[in-house]
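Inspection log for the structure reproduced underneath, given as structure tokens.
The values are calculated or read from the model by the stated rules, or taken from the named source; none is laboratory data. Bear in mind that the values here come from a model prediction, so they are computed numbers and not experimental data. Cβ: placed from backbone, ideal geometry, glycine included. Neighbour counts: every protein chain shown.
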Amino acid sequence: MALCERFKMKDLGRAHWCLGIRIVQDVENGTLSIDQEQCIEEMLHRFRMSDCKGVKTPLDPNQILSKAMMPSSDEEIKQMHA
């Protein structure tokens with residue numbers, strides 16, 4: 001059952017912001033990106049850390065994830081949660 005059949009809904013077009021997360025969709029290239037840059041900037045300002053030295057993100061932003069990389073057993077899942 002479609003959500004619009006069960007709930008009263010209104011199409012407001014593409015989302016650009018949701019719960020403090022910026023959503024950038026590139027239809028031409030078929031990509032969708034999300035970030036919390038504004039939230040982080042506001043938090044740094046709030047705690048007077050706007051001039052702090054940033055560090056690289058621990059995950060390579062160019063890494064492509066696939067289903068084949070998912071854990072294949074309960075034991076692997078437990079290891080990931082540890």
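Condition first: farther than 13 Å from Cys39 by Cβ and not acidic (Asp, Glu). Now tell me which residues in region 7-22 satisfy that.
Phe7, Lys8, Met9, Lys10, Leu12, Gly13, Arg14, Ala15, His16
Condition test on Gln63, is it among the polar types (S, T, N, Q) and surrounded by 10 or more Cβ atoms within 10 Å (Cβ to Cβ)?
The answer is no for Gln63.
Looking at (1) loosely packed, with under 10 Cβ neighbours inside 10 Å; (2) more than 13 Å from the chain's Cα centre (by Cα); (3) not hydrophobic (A, V, I, L, M, F, W, C), can you tell me which one Glu76 breaks?
Going through the list (1) loosely packed, with under 10 Cβ neighbours inside 10 Å; (2) more than 13 Å from the chain's Cα centre (by Cα); (3) not hydrophobic (A, V, I, L, M, F, W, C), Glu76 breaks only (1).
Can we say Glu5 is out of contact with any Cys (no Cβ under 6 Å at 6 or more places or on another chain) and either in a strand (DSSP E or B) or surrounded by 10 or more Cβ atoms within 10 Å (Cβ to Cβ) (or both)?
no
Answer yes if at least one residue in region 35-52 is small (Gly, Ala, Ser), within 19 Å of the chain's Cα centre (by Cα) and part of a loop (DSSP other than H, G, I, E, B), and no otherwise.
No.
Which pairs turn up if I take residues in region 32-48 that are under 20 Å from Ala15 (Cβ atoms) and look for partners that are among the polar types (S, T, N, Q) with beta carbon separation below 9 Å, at least 6 apart in sequence or on another chain?
Leu32/Gln25; Ser33/Gln25
Can Arg22 be described as surrounded by fewer than 10 Cβ atoms within 10 Å (Cβ to Cβ), modelled with pLDDT of 95 or more and among the charged types (D, E, K, R)?
no
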